[in-house]
Amino acid sequence: MYTSGIHDCTEWKICEGVTKKTHLLVERKPMSTRTRNARERAYEQLRQRILTLELAPSQRLDENRIAEELGVSRTPVREAFHQLSAEGLVIIVSRGGYVVADMNLHRFRELIEAQHILVRAVTHLLVARATDDDFDELEAAVRAVDDAEQSRDPHAVADSNSKLHILETRLTRNDYLLSMAERVYTHLQRLAFLSFGGAGGIGGDGQDPSLLKHYEDVHEDHWDYLKALRSRDVATAEKVAVRHVELFQSRMLQFLEMNSVQALDFSEIGSRLN
């Protein structure tokens, strides 16, 4: 029992349900750790299955089946779907259905255009704002990509590579660019997974010379970029950043051609933005 008369009055009002809204706010309990963990587990596992193409683009998602596979109830699965929808990885269709976001040539072109613009802005801001501690953090992230490449695990490489480029953007201290980077690199991660040999992508056996050369080129670009940033050499850093985008672009075009998909020429995108 409260000792204050005011609190007594407040207690009676709540008990009598003066307003339904007030009553609901008082009665609502915080989400249990178990519920939160189930939702986070569902989200993380579904996200990984989408990014590694285990759940294919445009595939319809069966809420009941996925809940059974993950060993959770339908509620955390539904919450995970909505979280993934906010990231653009899942599309909510009519009558509450869900499908994996597609990967088409139009979207690929838009992502490459966005990446070209993004890396230029990020490079200029990093040269102007990044501290020595920031560069040390970037170096650790570059080494993480190198370690992933040594493992020859396409998901680990694509994931660490995405985290590196999002970190670069975070260190610009520009939240609007960061929001853009998180969306762009999340969507590019499915394509990067293919480029690093995942899901039967280029050099999927891990021994293809073109895949090994791609790993070497990615490694070189990352270290050249970091070196230019530390030197505050914006011209060289931007040149390397654009080269890195074009490396990924050419790698994906190689994949499209190998899979009998009509090749698109994106060569003018970079030059048009200079």
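Just so it is clear, none of the values below were taken in a lab; they were calculated from the coordinates. Remember, it's a predicted structure, so these values are computed and weren't measured experimentally. Cβ placement follows ideal geometry from the backbone for every residue including glycine, while neighbour counts extend to all protein chains displayed.
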Inset, instruction - Just order 122-135, 150-163 by mean Cβ neighbour count inside 10 Å, highest at the front, would you? - result: 150-163, 122-135
Legend entry - Mean projected area (nm²) of the alpha-carbon convex hull when segment 24-150 is viewed from all directions: 12.9
Legend entry - At 1.002 mPa s and 20 °C, Stokes D of segment 33-100 from Kirkwood alpha-carbon radius, µm² per second: 183
Inset, instruction - Quickly work out the Arg95-to-Ala56 label distance, labels modelled 7 Å from Cα along the C-beta direction, and quote it in nm with one decimal. - result: 2.3
Legend entry - Ala86-His219 FRET efficiency (beta carbon distance; Förster radius 35 Å; 0.05 resolution): 0.55
Legend entry - Segment Arg109-Asp136, length gained on full extension (0.36 nm per residue, minus Cα span): 6.4 nm
Legend entry - Under-5 Å amide H pairs with Leu61, H placed in peptide plane, nonlocal only: Tyr98, Val99, Val100
Inset, instruction - Evaluate segment 106-211: find the radius of gyration of its Cα atoms, find its Kirkwood radius, and give the ratio Rg to Rh. - result: 1.01
Legend entry - Hz values of 3J(HN,Hα) by residue in segment 62-78 - Karplus curve (6.51, -1.76, 1.60), Gly and Pro given as x: 8, 4, 5, 5, 5, 4, 5, 4, 8, x, 10, 7, 5, 4, x, 5, 5
Inset, instruction - Specify the inter-centroid distance of segment 52-66 and segment 73-109, based on alpha-carbon positions, in whole Å. - result: 9
Legend entry - Other-chain or far-sequence residues with amide H under 5 Å of Val90's (modelled H): Ser85, Ala101
Inset, instruction - Express in nm, to one decimal, how much length is gained between Asn174 and Glu40 on full extension, taking 0.36 nm for each residue of separation and deducting their alpha carbon distance. - result: 45.5 nm
